[in-house]
Structures are given as C-alpha cells and as structure tokens.
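The values are calculated or read from the model by the stated rules, or taken from the named source; none is laboratory data. Worth saying up front: this structure is predicted, and the values here are computed from it rather than measured. Ideal geometry is used to build each Cβ from the backbone, glycine not excepted, and the neighbour counts take in all protein chains shown.
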Amino acid sequence: MNSFPKQEVLDVCAQYGPRLRVPAGLDARRVMAAIAQVESGLGGNCGPRHEPAYDTGGKVWNQSPAQRQLVARWKSDGASSFGPWQMMLPNCQGHTPAEMRSDLDVCALLFVSQFNLYVIGLRNAQTLAEIGEVWNMGHIAPDPEYVAKLQAAYDGLAVGDGEQHVASEVL
C-alpha cells in the first residue's frame with residue numbers, strides 16, 4: 001500500500017486547490033481535501049486500487065483500445081487508481097504508475113486538471129453532491145453514501161494558507 005503524510009496532502013490542497021473551478025459558495029481547497037479524505041483517508045491509503053472493469057475482460061477494457069494498451073504495458077497497474085484522489089491511470093496521460101506512487105505534486109496537478117476538465121467542464125457539476133457523484137461514478141446520479149462521506153469530510157476540514165486543520169471526527 002502506498003501513502004503520503006496527511007499534512008503533505010493538506011499542503012498540496014492549500015497550494016493547488018485554488019486552481020479548481022468550483023461552483024460559487026464552495027471552498028476549492030476544502031473540496032480537494034474532502035475528496036482526498038474520502039478516497040484515501042487524506043493520503044493514508046493511496047493504493048494502487050485495482051478496478052476490475054478496467055482490466056482484461058472488464059467493461060471498460062472491452063470498449064477501449066487505449067485501456068487495453070495500458071493493461072498490456074502496465075499489467076494490473078494499468079487498471080488501477082493512484083494517489084490521494086485515486087486517479088485512474090488512463091486519466092494520467094504521460095505519467096507512469098511509479099510517478100503516481102511517489103510524486104504528490106504530479107498527483108495533485110493531475111487531479112486539478114481532471115477535475116476542471118471533466119467534473120466541471122464536461123459534467124457541469126454545480127453542487128458538492130454533484131461533484132461527488134461525478135468523481136465517484138463518472139456522471140451525475142444519486143450516490144447517497146459517497147455524497148454523505150464527502151459532505152462530512154468537507155464540513156470537517158479547514159484548509160487555509162499556511163494553516164491546515166482536520167477536525168478529529170473526520171479522522
């Protein structure tokens with residue numbers, strides 16, 4: 001299992017979070033940290049997490065020549081998610097599984113890019129709940145368990161410039 005220290009994850013959320021294009025009323029740094037909290041315990045369990053649908057014979061693998069190439073090249077890592085935000089390798093173009101295991105800045109920058117392009121740009125998420133649905137399922141659709149975890153994480157986090165706090169009930 002790969003991990004990053006919680007404080008370092010909070011630090012990159014404070015650094016890169018302002019680059020997120022979030023709906024009005026949401027704190028971008030807290031959104032970034034809340035997703036990391038739900039996906040990896042703020043960096044405590046960064047996987048890689050194997051996703052069978054992306055591996056040989058899975059739904060995504062069957063539908064995507066590019067995914068088949070990733071699995072051929074990287075074996076199970078090609079069908080896995082990485083980092084505090086659990087980025088799927090197909091969304092990490094130009095980066096290796098080794099980078100995703102070891103470079104927190106790369107993970108953070110890829111998250112910001114994917115979030116802005118897909119969650120906001122393509123799926124047009126307008127609320128924290130919709131952000132969670134898109135991040136977890138790829139589209140806006142009811143996902144009450146994930147949304148509840150995301151809301152609790154968001155409510156329990158204060159991520160500021162130079163000072164980060166995580167409410168004890170989130171941990």
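Things worth noting here:
- Matching option when the condition is within 11 Å of the chain's Cα centre (by Cα) and in the same structural domain as GLU145 (by TED's automatic domain parsing), among GLN114, GLN126: GLN114
- Residues being farther than 13 Å from ILE35 by Cβ and either hydrophobic (A, V, I, L, M, F, W, C) or not assigned by TED's automatic domain parsing to the domain that holds ALA36 (or both) - total across segment 100-109: 4
- The set of residues in segment 1-29 that are in a helix (DSSP H, G or I), in contact (Cβ under 8 Å) with a residue 24 or more places away in the chain and within 20 Å of ARG123 (Cβ to Cβ) comprises GLY17, ARG19.
So that you can scan it fast, the table gives a plain yes or no per residue for (1) buried (at least 22 other Cβ atoms within 10 Å of the Cβ); (2) closer than 17 Å to SER40 by Cβ; (3) in contact with a helix residue (DSSP H, G or I) (Cβ under 8 Å, 6 or more places away or on another chain):
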residue: ARG73; (1), (2), (3): no, no, no
residue: SER76; (1), (2), (3): no, no, no
residue: TRP85; (1), (2), (3): yes, yes, yes
residue: PRO90; (1), (2), (3): no, no, yes
residue: HIS95; (1), (2), (3): no, no, yes
residue: LEU110; (1), (2), (3): yes, yes, yes
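- Filtered residues of segment 112-125 (kept if of a type outside the set (S, T, N, Q) and surrounded by 15 or more Cβ atoms within 10 Å (Cβ to Cβ)): VAL112, PHE115, TYR118, VAL119, ILE120, ARG123, ALA125
- Test set (1) surrounded by 15 or more Cβ atoms within 10 Å (Cβ to Cβ); (2) in the same structural domain as GLU133 (by TED's automatic domain parsing) - GLY25 fails condition number: (1)
- Filter pass, GLU145 being assigned to a helix (DSSP H, G or I), more than 12 Å from LEU26 (Cβ to Cβ) and free of Cβ contacts under 8 Å to residues at least 12 places away in the same chain: yes
- Checking ALA79, ALA148, ALA72, ALA141 one by one, the residue that is under 13 Å from ALA34 (Cβ atoms) and modelled with pLDDT of 95 or more is ALA148 and no other.
- If you go through segment 94-133 and keep only what is among the aromatic types (Phe, Trp, Tyr) and under 10 Å from GLY83 (Cβ atoms), you end up with just PHE111.
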